[in-house]
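Colleague: Can you read through this structure? Questions will come right after.
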């Protein structure tokens, strides 16, 4: 590949990436047999570095997996609160032998409301903390949490 084309392709990367890898990458591109496919791959990789810089621009950065995120209390506490609230509703329905129709909501309904309301600040803290650091894993955890909340809402709507 011509040195001028290699230099132009390296300029597509973010400045921080170029400071760390630019010279070496330019030499590698100039020394190699450059073709259209190589140029397209470099352009795509440069765009990816602008969008998600931790996937290559910073080799020392920790890659955060779904398992790592789910072990954090802000991920599993709201999910467990939803499961406890769901078990309260299902237990009350099982104890009554069918849908619950009471004039007064009762203690179980109040506990369910408290559990569902207390999840919101924890979910917000989780989103603020993890969506920027590990967006894919964080969205998966938030989808699980949303599913648990929807299961609770469905159980309350259909069974009470």
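Colleague: Could you pull out every one of the helices (runs of 4 or more DSSP H) wholly within the range 1-105 that has 1 or more residues that are touching a strand residue (DSSP E or B) at 6+ places or on another chain (Cβ under 9 Å), modelled with pLDDT of 85 or more and more than 30 Å from residue 157 (Cβ to Cβ)?
Modeller: Values: elements: 3-10, 15-31, 36-51, 66-70, 73-96.
Once the helices (runs of 4 or more DSSP H) in the range 1-105 are filtered for at least 1 residues that are touching a strand residue (DSSP E or B) at 6+ places or on another chain (Cβ under 9 Å), modelled with pLDDT of 85 or more and more than 30 Å from residue 157 (Cβ to Cβ), nothing remains.
Colleague: Follow-up question, since we're still on this one. For residues that are assigned to a helix (DSSP H, G or I) and surrounded by 18 or more Cβ atoms within 10 Å (Cβ to Cβ), tally how many sit in the range 123-141.
Modeller: Narrowing the range 123-141 to residues assigned to a helix (DSSP H, G or I): 123-130, 135-141.
Next, from what is left, pick out any that are surrounded by 18 or more Cβ atoms within 10 Å (Cβ to Cβ): 123, 126, 130, 137-138, 141.
Going through the range 123-141 one residue at a time, the tally reaches 6.
Colleague: From the list 127, 137, 143, which residue is within 24 Å of residue 87 (Cα to Cα), in the same structural domain as residue 82 (by TED's automatic domain parsing) and within 11 Å of the chain's Cα centre (by Cα)?
Modeller: On the way: 127 fails: within 24 Å of residue 87 (Cα to Cα); 137 fails: within 24 Å of residue 87 (Cα to Cα).
Testing whether each residue is within 24 Å of residue 87 (Cα to Cα), in the same structural domain as residue 82 (by TED's automatic domain parsing) and within 11 Å of the chain's Cα centre (by Cα) leaves just 143.
Colleague: So is residue 94 over 26 Å from the mean Cα position of the chain (by Cα), farther than 28 Å from residue 51 by Cα and not assigned by TED's automatic domain parsing to the domain that holds residue 51 or not? Show your work before the answer.
Modeller: Details: over 26 Å from the mean Cα position of the chain (by Cα): yes; farther than 28 Å from residue 51 by Cα: yes; not assigned by TED's automatic domain parsing to the domain that holds residue 51: yes.
The answer is yes for residue 94.
Colleague: Still on this structure, I have one more. Could you tell me whether residue 119 is in the same structural domain as residue 78 (by TED's automatic domain parsing), touching a residue at least 40 places away in the same chain (Cβ under 8 Å), under 22 Å from the mean Cα position of the chain (by Cα) and more than 22 Å from residue 64 (Cβ to Cβ)? I'd like the intermediate steps shown before the answer.
Modeller: Values: in the same structural domain as residue 78 (by TED's automatic domain parsing): yes; touching a residue at least 40 places away in the same chain (Cβ under 8 Å): yes; under 22 Å from the mean Cα position of the chain (by Cα): yes; more than 22 Å from residue 64 (Cβ to Cβ): yes.
In short, yes.
Colleague: Kindly establish whether residue 113 is assigned by TED's automatic domain parsing to the domain that holds residue 83, within 15 Å of residue 83 (Cα to Cα) and touching a residue at least 24 places away in the same chain (Cβ under 8 Å).
Modeller: Working: assigned by TED's automatic domain parsing to the domain that holds residue 83: yes; within 15 Å of residue 83 (Cα to Cα): yes; touching a residue at least 24 places away in the same chain (Cβ under 8 Å): no.
When the stated conditions are applied, residue 113 does not pass them.
The values are calculated or read from the model by the stated rules, or taken from the named source; none is laboratory data. Values in this document were obtained by computation on a predicted structure and should not be read as measured data. Cβ atoms come from the backbone with ideal geometry, glycine included; neighbour counts cover every protein chain shown.
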